[in-house]
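Notes follow once the structure below has been shown.
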Amino acid sequence: MASNDQFVLEILQDVGLIDKEQATKAEFMSGGTGKGLVDTLVEMGAVTRADITRALANQFGMDTIDLEEVRIEQEVVDMVPANIAKRYRVLPVFLQEDLLTVAIGDPEDVETLDMLRYMLKNEISGVVADQRQLDTAIEYYYGSNEELEGVMEDLTEENVELPGLSGEMPREEDGDAPIIKLAGLIISEAFRNRTSDIHLEPLERRFRVRYRIDGVLHEVENPPKRLQSAVIARFKLMSRMDLAEHRIPQDGRIQFNSAGRALDLRVSCLPTSHGESIVMRILDKTSLLLGLPDLGFMEDDLVIFERLISAPDGILLVTGPTGSGKTTTLYGVLNYVNRPDRKIITVEDPVEYMLAGINQVHVREDVGLSFGRALRAILRQAPNIILIGEIRDLETANIAVNASLTGHLVFSTLHTNDAPSAVPRLIDIGVKPFLVASSLRGIMAQRLVRTICKNCSEPFIPMESEYKAFDLTPEDIQKANTRKGKGCHECKGSGYRGRKGIFEIFEIDEDARRMVYQLTSATKLRTHAREHGMTTLREDGIRKALAGWTTFSEVSRVTQSDAS
C-alpha cells in the first residue's frame with residue numbers, strides 16, 4: 001500500500017482488529033525479513049487484506065470494493081486511458097449518469113482523484129480496493145505490455161534520434177533502432193492479445209493506438225505525438241507503400257514473424273486531417289481450419305446450410321456488414337467442399353488467405369483485371385465451384401447468375417442487413433427478376449457475437465428488464481442455461497473470449513421463387529420465410545444466450561436494428 005505501514009498499524013489497533021502484542025510481534029518479525037508490516041500481519045493470520053482495506057476506507061469515509069466480485073463493462077474501462085490507469089494505479093469500475101466511480105489502493109491519494117476530474121472532465125467518486133487486487137485487475141483490463149511500455153519510455157527522451165523524420169528510414173539490419181523495435185512490438189503485442197485489427201490514428205493532440213479484440217476496440221499505450229510521422233513511415237515501408245505519397249490512400253501487406261509464428265497483415269493507409277491513419281488487419285489462418293459446427297451453427301441450421309452448399313448448381317449468398325465474418329464462413333465452406341474430384345476457383349479483392357488445392361485469382365483493376373474480366377476467363381477453366389469475393393455491380397452479378405444457370409455452384413457475399421433484403425438488392429443492381437428467381441438457392445445473413453469465457457463462466461440469472469426486452473418469461477429463464485463470464489486473466493477481465501456467428505438462413509423454395517419473380521417486397525419475403533421456419537438473427541442470438549454461449553447484452557448489441 002502507498003500508506004505508511006506504521007500509520008496502517010495504528011489504525012488497525014484503534015479499530016480493534018489487532019492488539020498491541022500482535023503489533024509488536026509483527027514489527028519484530030518484519031525486521032529480519034525485509035517484508036512490510038502489513039504483509040507480515042496477513043501472513044501471521046492476524047488480519048485479512050479485506051480487513052485492512054475496510055479499516056483504511058472507514059478512516060477516510062470511503063466505501064470499499066472487492067474487485068474479484070465485479071465485472072467491469074469495457075465502455076467504462078475505456079474512459080480512463082491505459083497509460084493513466086497504470087501510472088496512477090487506478091481502475092474505473094462503474095458509471096452512473098455523469099458520476100464515474102474509480103477504485104484506488106490508497107485512500108489518502110486525493111490528488112489522483114482531482115487529477116482524473118480535471119483530465120476526464122467528469123465527476124469522480126473513489127472507492128478503496130486491495131492494492132494487490134487492483135494491480136491484478138489493471139493488468140487484466142489493460143494488459144501487461146511491459147516491453148512495449150519500456151520502448152515507449154525510451155522514445156520519450158528528447159535526445160533519442162528518430163529515423164524517418166529526416167526522410168531516411170533505418171535499414172532492416174538495424175533491428176535495435178527504437179522505431180523498428182516499437183513497430184515490431186505493436187504487432188507482437190497485438191497478436192499476443194488476439195487482436196484482429198491494429199488502428200494507428202493521428203488525432204489533433206495525440207497519436208492513438210487501438211487494438212480490436214473480439215470485435216471491440218481497446219486503447220493501448222500511445223506513442224508520443226512527435227513520433228507519429230516516424231511510426232507511420234515505418235509501417236508504410238514495411239508494407240512496401242510509397243513513402244513520398246501522403247495525398248492518396250494506399251494498400252499493402254506485411255509479412256512478420258512473431259515468436260516463431262509467421263503473421264500476414266493487410267495494411268490500409270488513409271490521409272486524414274491530422275496525418276495518415278493506418279489500419280492493419282491480422283490475417284489469422286487458424287480460422288480457416290474451423291469446421292462448420294465451430295462457426296456457431298445450431299444443429300437445425302447446420303443441416304439446412306450443409307444441404308445448400310452441397311447443391312450441384314445455383315447461388316448461395318452470405319450477407320452482413322463489414323467485419324461480420326462472411327469471409328471466414330465462405331472459406332470454411334470451401335474447406336468443406338474441397339475434394340480431389342472438384343475444381344474450385346476464387347476471384348477476390350484482395351486474396352486474404354492462400355488455400356491449398358484451390359485456384360485463387362487476385363483482382364487488379366490497375367492492370368485491367370476486373371471482377372468481370374476475371375470471371376469470364378474463369379468460366380473457360382471449367383470449374384465446378386466459383387467463389388466471388390463480393391457482388392458489387394451488374395456485370396459481376398450477371399456473370400455469377402449465368403454461371404449458376406450453366407451448372408456451376410457459386411458462392412458470394414452481398415452487403416445487406418438481413419437475408420430477404422438480398423433479393424431486392426440484386427434486382428436494384430440490375431439483374432432481371434426471373435434470373436434471380438432461377439439462380440438463387442439460399443441466402444444467409446450473419447453477425448458475430450462475443451462468446452462467454454469458458455475459464456470463468458458461471459451460472460447467471462439475468463435481470464427481468466433484460467430478458468423481457470426479448471419477450472421471454474421467467475419460466476423460459478428457469479429452463480435455460482444462462483451464464484456470464486466473471487472475468488479472469490484468460491479474457492482480460494471482460495468475461496468474453498472469442499466470437500461465434502448468429503445466422504438467418506433463407507432457403508429459396510418454389511413459393512419464394514414465384515414471389516421473387518413477381519417482385520414481392522423484402523417484407524413479404526421475410527414473412528414467408530418465417531412462416532416456413534426461418535430463424536431470424538435475433539431469434540438465433542436469443543437461443544444461443546439461453547444455451548449459455550453468449551449473453552443477452554451481446555445479442556442486443558449486434559441485433560438492435562432487427563428488434564422490430
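The values are calculated or read from the model by the stated rules, or taken from the named source; none is laboratory data. Computed from a prediction, not measured in an experiment: that's the story for all the values here. Because the Cβ atoms are built from the backbone with ideal geometry, glycine has one as well, and the counts that use them run over all protein chains shown. These accessible areas exclude ligands, DNA and RNA; they are computed on the full protein's heavy atoms, side chains included. Shrake-Rupley method; radii C 1.70, N 1.55, O 1.52, S 1.80 Å.
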Next item on the list: Please tell me which of these pairs span more than 18 angstrom C-alpha to C-alpha: Lys479/Lys500; Lys454/Lys544; Lys500/Lys524?
Entry: Lys479/Lys500; Lys500/Lys524
Check: Top to bottom by accessible area (1.4 Å), largest first, where do Phe94, Phe371 land?
Finding: Phe94, Phe371
Notebook entry, point to check: To the nearest Å, what is the center-to-center distance of the stretch 443-472 and the stretch 357-390, using C-alpha atoms only?
Noted result: 40
Check: Which Cys residues of the chain have no other Cys Cβ less than 4.7 Å away and so no disulfide-compatible partner by this rule?
Finding: Cys269
Next item on the list: For Gly442, list long-range residues whose amide hydrogen, built 1.01 Å from N in the peptide plane, is under 5 Å from its own amide hydrogen.
Entry: Ile315, Leu317, Ile508
Notebook entry, point to check: Residues with amide H under 5 Å of Leu263's amide H, sequence separation 5 or more or different chain, H placed in the peptide plane at 1.01 Å from N; which?
Noted result: Phe256, Asn257, Ser258
Margin query: Heavy atoms of the protein only, probe of 1.4 Å, neighbouring chains included. What is the accessible area of Arg497 in Å², nearest 10?
Written below: 90
Check: Loop-only check: which GluC sites (Glu not before Pro) in the stretch 338-386 are DSSP coil with at most 15 other Cβ within 10 angstrom?
Finding: none
Notebook entry, point to check: Quick one: Karplus J couplings for the stretch 381-389, per residue in order, coefficients 6.51, -1.76, 1.60, θ = phi - 60°, nearest Hz, x for Gly and Pro?
Noted result: 8, 6, x, 8, 10, 10, 10, 10, x
Next item on the list: Mind ranking Thr322, Thr346 by accessible surface for me, highest first, 1.4 Å probe?
Entry: Thr322, Thr346
Next item on the list: Figure the gain on full extension for Arg307 and Phe434 (residue separation times 0.36 nm, minus the Cα-Cα span) and round it to one decimal in nm.
Entry: 43.4 nm
Note to self: If I take every Cα pair under 8 Å that is 6 or more residues apart in the chain, average their sequence separation and divide by the length, what percent do I get for the relative contact order?
What the structure shows: 10
Next item on the list: Kindly provide the helix-only [θ] at 222 nm of the chain, computed as the sum of -39,500 (n - 2.57) over DSSP H runs of four or more divided by all residues, to the nearest 500 deg cm²/dmol?
Entry: -11000 deg cm²/dmol
Note to self: I need the GluC sites (Glu not before Pro) found in the stretch 195-241, filtered to DSSP loop residues with at most 16 other beta carbons within 10 Å of theirs.
What the structure shows: Glu204
Note to self: Just to confirm the number: angle between the C-alpha axis of helix 20-33 and the first principal axis of the chain, 0 to 90 degrees, nearest 10?
What the structure shows: 70
Margin query: Quick one: 3J(HN,Hα) in Hz for the stretch 476-492, Karplus 6.51/-1.76/1.60 with θ = phi - 60°, rounded, Gly and Pro as x.
Written below: 4, 5, 4, 7, 8, 10, 5, 9, 8, x, 5, x, 8, 5, 5, 9, 6
Check: How big is the chain in terms of Cα radius of gyration and Dmax, in angstroms?
Finding: 28.5, 93
Notebook entry, point to check: So how tilted is helix 178-192 from the main axis of the chain? Cα-based, degrees 0 to 90, rounded to 10.
Noted result: 70
Item checked: Whole-Hz couplings from phi, Karplus 6.51/-1.76/1.60, listed for the stretch 446-455; x for Gly and Pro -> 8, 9, 10, 10, 5, 9, 5, 4, 5, 6
Checklist line | Angle between the chain longest axis and helix 299-309 axis [Cα atoms, degrees, rounded to 10] | finding: 40
Next item on the list: Can you grab the distance from the C-alpha centre of the stretch 399-433 to the C-alpha centre of the stretch 184-202, Å, no decimals?
Entry: 36
Note to self: Probe radius 1.4 Å, ligands and nucleic acids left out: which of His218, His489 has the largest accessible area, and how do the rest follow?
What the structure shows: His489, His218
Margin query: Given N residues in the stretch 70-131, what is its alpha carbon radius of gyration divided by 2.2 N^0.38 Å?
Written below: 0.99
Check: Can you list the lysines whose alpha carbon is less than 30 Å from that of Lys25, not counting same-chain residues fewer than 8 positions off?
Finding: Lys35
Check: Counting other Cβ atoms within 10 Å of each Cβ, which trypsin sites (Lys or Arg not before Pro) in the stretch 175-281 have at most 13 and sit in a DSSP loop?
Finding: Arg205, Arg240, Arg247
Item checked: Compactness of the stretch 235-360, expressed as Rg and Dmax over alpha-carbon positions, Å -> 18.0, 55
